[in-house]
Amino acid sequence: MEKITQQKKYELLANKWQEGTCTNAEQTELFEYYEQFGANKVEIPIVFNGNEDLYRDALYKKISNRIEIKRTSSVRLWLWSGAAAVVFILSAVLINFKINSTQSHKLVKSRKLPVSKNPIQKQPILIQNNGSVVQLRNAEHSGVQNGFNVQQDNNGTLVYTITKNKIGAANDKILNEIRTPVGQKLIVFLSDGTKVHLNAGSSFKFPNQFQSAIRRVSLVGEAYFEVSKDKTKPFIVSTANQDIEVLGTHFNVNAYENEAASRTTLVEGRVKIKPKFLGKSTILLPGQQAVLENQNLTVAEVNTETALAWRSGYFIFNNEDLESIMRKLQRWYGIDVIYRNQKNPELTFAGAISQEKSLTSILKIIEETGDVRFSVSGRSVTVLK
């Protein structure tokens, strides 16, 4: 009877914490109760700073799961990492994995993500309009005479800036291309002052100067744009299946070749989405995301911080299936992925994890859910379960 009463007491405290009404003494008692189970201290991800409701809800569910041990058909497991972070009263990184487990263990023929037989690209490169290839990390401080400058910012990210002394090549039909390798990002400053943050595994084409009435660039992969305002010259980002037109705004585009959908997320201003295979266009407002998949365009309100988490160095999984997660890891760690089991769409994950963690650490965290195992051999990762 005493045990039941104690459980009820801490359920009520967890509810109070979720509502933000815990006193300091109650909060301490609640944390001490949870830590009796041998778990790590409560930790909050830096990407959730300023969103107190989110981590209150996370903690409530975590503690509730410890109080109620009974396994259900939907298993919720909370994992923690040790990456440092600065928050209000707690530190480090929260990893929350939600596993909906209706498992199918029938072995089928291996399925493999597309794999290039070429050696993995290790450095960001610039392919100039004359066909020459420049290793940008080697060109740091030495490319000014060629019309660009390369430096590192305080975070160690390479910053490519077009300079004004480029002789010739003023035709904006003649494009340069920057390619980022796995596990590396890059910042590009275009001639009009527009700032482009390129994610790993991306290709970005642009002119040295914008000469015509339209500023046009093209993207394969993911990038965040901070477009300089010029009402007389619209800025257009072209991907494989759409054009995104802006005058001056901040937005994110995810258009990787191995993803079924292209996603455009607007942070500030307005953009017009014009699918290349549809006869209509759509205007996005701040806080909205357009998803173009199978020639179908949908718009929804989203948390823009989730779409931009890669810029802060995090993977964010929002009820994603395992294949989607492995594609993200593939782009960041340069791995080849092989599947031994039939795809299970009901196996989904949600949470945040630092990109600074090793691949081994991330795979181990996923394995600790008990619903999947991995075998690693060199660059190959086999999903066994």
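The table below lists the values:
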{"read-out": "Cα convex hull of the stretch 125-307, projected area averaged across orientations, nm²", "value": "10.5"}
{"read-out": "Coil-residue trypsin sites (Lys or Arg not before Pro) of the stretch 191-281, DSSP, other Cβ within 10 Å capped at 12", "value": "LYS231, LYS276, LYS280"}
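Taken together, the values in this text are just the output of simple stated rules run on the coordinates, not laboratory data. In this text the structure is predicted, and so the values were computed from the model without any measurement. When we count neighbours, we look across all protein chains shown, and the Cβ atoms used for this are built from the backbone with ideal geometry, even at glycine.
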